[in-house]
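Below is one structure, written out as C-alpha cells; comments come after it.
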Amino acid sequence: MERVKPASLALQAGYHKTYGKRLQTDLIRDRWLYLMLFPGVVYFLLFKYGPMYGLIIAFQNYQPASGFTGSEFVGFKHFIRLFTEPTFVMLFKNTLILAVYNILFFFPAPIVLALLLNEIRHKYFKNIIQTLVYIPHFISWPVVVGLCYVLFTTEGGIVNEIIKQLGGQETNLLMSAGAFRPMIIIQQIWKEIGWGTIIFLAALAGVNVELYESAVIDGASRFKQTVHITLPAIKSTIIILLILRMGSFMDSGFEQIFLMLNPLNRQVGEVFDTYVYSVGLAGGQFSYSTAVGLFKSGVSLILVMLTNWLARVFGEEGVY
C-alpha cells in the first residue's frame, strides 16, 4: 500500500484549514440567513426526524408502561399479520384505486386551471377568479363533508329535490358504493384545485413573452402556443411535483374518508388510513398500526425512487 507523502499531508491540512476559514467567514457574513433557517431545521429535527426513532415499535410488542427499551422484540410478526389479514386485499385495492384516481384526475386539474387562468388578460377579473378558487382550501373537511350531506341527502337535499321536480327518482348517493370514489375525488378537486395552481402560475410567470410574440407572427393559435411553448416551459415543474406527489401516493386522506364512510360503502371506502385508526389506534394496538404505517411509507419511498429514475431516464433532472 502506497504511503501518503508528508507533502500530501501538508496540502490536505492546508486545504482543510482554508475550507474551515471560508466556512467561518460565510457563517459570519450570512448569519441572519442562517438564523432564519434555524427554526425550520429545529422543526424538522423535532417533528420529522425525531419521531422516526419510534418506528422501532413496529418490530416490538410495544407496551407504554415498558417503553421502547423494555418492550418485547417480535421481529416481523405485525407485518406478517398485516399481509395475512383477510381484509388486506380489500384495503390495498381501495387505497390503490383512490391513489390512481388522484394521479389521473386530481393531479392534472391544477395544471389545467393554471393554463386557463394564464389565458385571462383582464387582471381584475383574473384576481377575482383566483380568490374564488383559493377559498375552499381554507374550509375544513368536516365542513366540506357537511355541505356534501346537505346537498345529496334524501331528506330535503337540494340535488334530490331538483331531481324530483324534474320528474326523476331520488337517489341516495351518500349510501351508494358506486358513487363513493367519484365523490371523494370531486371533493378533493373542489377543495384543493385553486391552491394547487399557485406553483404552476409562478412557473408560467417565468415563460419568456417573446416566444409567444414569435409564435403569433408565425400564425400559431392559442392552443398551439399552449402545447408548444407553455407546457414545455413548465414541464420540469410538473415532473418534480409528480415525483413529490408519489411520496404521499398511499395517503388517501383519513379525515375526509372517515367522515364519508358508512356501513353501505365501507367495502369500497375502507383504506389503510381509516383501518389504522379503527383497528390500531382506537384498539390500542400501537405496534400493529405502526407496522401498517411503515408499510405505506415503504411503498411510497419505492415509488418516489422509481419515478425519479424514470424522470432521469427521459432526460429530466428529477429531485436528486
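Counting other Cβ atoms within 10 Å, keep those with at most 11, restrict to DSSP loop, and tell me which trypsin sites (Lys or Arg not before Pro) in segment 30-133 are left.
Counting only loop positions with at most 11 other Cβ atoms within 10 Å, the trypsin sites (Lys or Arg not before Pro) in segment 30-133 are Arg121.
So what's the back-of-envelope 222 nm ellipticity for the chain, counting only DSSP H runs of four-plus at -39500 (n - 2.57) apiece and dividing by all residues, rounded to 500?
One gets -20000 deg cm²/dmol as the mean residue ellipticity at 222 nm.
On alpha-carbon atoms, Rg over Rh for segment 54-186 using Kirkwood Rh?
Result: Rg/Rh = 1.16.
If the chain between Thr25 and Tyr277 were fully stretched, how many nm would it gain, using 0.36 nm times the residue separation less the Cα-Cα distance?
Full extension from Thr25 to Tyr277 adds 85.6 nm.
Could you give the length gained on full extension between Tyr149 and Leu96, defined as 0.36 nm per residue of separation minus the Cα-Cα distance, in nm?
Here the segment from Tyr149 to Leu96 would lengthen by 16.5 nm.
Gain in length, Leu259 to Ile302, computed as 0.36 nm per residue apart minus the alpha-carbon separation, to one decimal in nm?
12.5 nm
With a cut-off of at most 12 other beta carbons within 10 Å, and DSSP calling the residue loop, which GluC sites (Glu not before Pro) in segment 218-320 qualify? Please list them.
Glu317
Modelling each spin label as a point 7 Å along the Cα-to-Cβ direction, I'd like the Ile120/Ile158 distance in nm, to one decimal.
Going by the 7 Å Cα→Cβ label model, 2.1 nm.
With a 10 Å cut-off between alpha carbons and a GNM built on the chain, which of Tyr212, Tyr149, Tyr34 moves the most?
Checking each option, the largest mean-square fluctuation is seen for Tyr34.
Give me the percent of the accessible area of the chain that comes from carbon and sulfur atoms, probe 1.4 Å, all protein chains in place.
With neighbouring chains kept in place, the figure for the chain is 69 percent.
I need the helices of the chain that pass two filters: whole DSSP H segments spanning 27 Å or more by Cα along the axis, and mean Kyte-Doolittle score no lower than 0.0.
Membrane-span-like by this criterion, though nothing is claimed about a membrane: 177-205, 286-313.
From the mean inverse distance of alpha carbon pairs (Kirkwood) and the Cα radius of gyration, derive Rg over Rh for segment 156-203.
Answer for segment 156-203: 1.21.
Looking at the chain as a GNM with Cα springs under 10 Å, which of Ile189, Ile28, Ile135 has the largest mean-square fluctuation?
Ile28
In Å², and per residue, what accessible area does segment 133-229 have when probed at 1.4 Å with the other protein chains present?
59
Considering amide H positions built from the backbone, and no H for Pro or chain starts, which residues 5 or more places from Gln60, or on another chain, come under 5 Å of its amide H?
Counting only residues 5 or more places away or on other chains, the set is Val74.
Leaving out ligands and nucleic acids, note down the accessible area per residue over segment 34-99 with a 1.4 angstrom probe, in whole Å².
70
To the nearest 10 square angstrom, what accessible area does Trp195 show with a 1.4 Å probe?
Taking all protein chains as shown, Trp195 has close to 110 Å².
What distance in nm separates the two pseudo spin-label positions at Trp195 and Lys48, each 7 Å out from Cα along the beta-carbon direction?
Reported label-point gap for Trp195 and Lys48 is 1.8 nm.
Put Phe44, Phe254 in order of accessible area, largest first, 1.4 Å probe: what do you get?
I get Phe44, Phe254, largest accessible area first.
Using label points projected 7 Å from each Cα along Cα→Cβ, tell me how many nm separate Leu132 and Leu244, to one decimal.
In this crude label model, Leu132 to Leu244 measures out at 2.8 nm.
Based only on the alpha carbon positions, what is the Kirkwood hydrodynamic radius of segment 210-320, in angstrom?
Computed over segment 210-320, the radius equals 17.4 Å.
Largest first, please: the extent of the C-alpha atoms of the chain along each principal axis, to the nearest Å.
The Cα atoms of the chain stretch 95, 73, 38 Å along the principal axes, largest first.
Enter the Cα centre distance for the pair segment 243-311 and segment 111-143, rounded to the nearest angstrom.
29
The values are calculated or read from the model by the stated rules, or taken from the named source; none is laboratory data. Keep in mind that what you see is a predicted model, and the values were worked out from it rather than measured. Glycine also receives a Cβ, built like all others from the backbone with ideal geometry; neighbour counts cover every protein chain displayed. SASA here: full protein model, heavy atoms, side chains in, ligands and nucleic acids out. Shrake-Rupley method; radii C 1.70, N 1.55, O 1.52, S 1.80 Å.
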